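The values are calculated or read from the model by the stated rules, or taken from the named source; none is laboratory data. Just so it is clear, the structure is predicted and the values come from calculations on it, not from any experiment. Glycine gets a Cβ as well: all are built from the backbone with ideal geometry, and neighbour counts include every protein chain shown.
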Amino acid sequence: MRLDKWLWAARFYKTRSLATDAIEHGRVLLNGARSKPARELHVDDRLVITKDETRWEITVRDLSEKRGPAVEAQKLYAESEESQLTREQQRENRPLTVDPSKEIHGRPTKRDRRKLGALGNW
């Protein structure tokens with residue numbers, strides 16, 4: 001079974017094209033190495049999937065070409081305990097940390113420049 005199809009069926013990505021892009025950009029490692037979207041996937045293969053700040057380390061349990069409900073999709077893989085603990089810690093720490101660059105969107109607007117000028121920074 002194709003790797004991109006399985007990632008879509010296991011509900012890691014909404015579309016096959018998103019899964020293909022992730023594989024091509026090296027965000028999905030198959031048995032510790034980069035691969036192509038059409039690479040054959042087998043039971044007991046190990047995958048490392050990085051999506052935004054989240055990272056899954058999973059073992060393929062079953063293959064499915066159909067995308068089913070989330071409950072069925074979770075039966076297709078087994079996540080390692082280290083991966084689960086890491087994701088839980090990230091989830092707990094996420095509200096505590098604020099990334100200041102997330103609020104900045106491109107160049108300052110005219111209003112922003114006026115505010116900066118009033119502060120004496122411009």
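At a glance:
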{"quantity": "Flag if I23 is among the hydrophobic types (A, V, I, L, M, F, W, C), modelled with pLDDT of 95 or more and under 15 Å from R2 (Cα atoms)", "calculated": "yes"}
{"quantity": "Filter result (in a loop (DSSP other than H, G, I, E, B) and among the β-branched types (V, I, T)) within region 83-122", "calculated": "T97, V98, I104, T109"}
{"quantity": "One residue from T59, T86 being without any contact (Cβ under 8 Å) to a residue 60 or more places away in the chain, surrounded by fewer than 16 Cβ atoms within 10 Å (Cβ to Cβ), out of contact with any helix residue (DSSP H, G or I) (no Cβ under 6 Å at 6 or more places or on another chain) and under 26 Å from K102 (Cβ atoms)", "calculated": "T86"}
{"quantity": "Members of region 1-28 found to be surrounded by fewer than 18 Cβ atoms within 10 Å (Cβ to Cβ) and either under 19 Å from Q90 (Cβ atoms) or aromatic (F, W, Y) (or both), listed by number", "calculated": "R27"}
{"quantity": "Among (1) modelled with pLDDT under 95; (2) closer than 14 Å to R2 by Cα - the single one G32 does not satisfy", "calculated": "(2)"}
{"quantity": "Which numbered condition R67 fails, given (1) out of contact with any Phe, Trp or Tyr (no Cβ under 9 Å at 6 or more places or on another chain); (2) closer than 18 Å to K5 by Cα", "calculated": "(1)"}
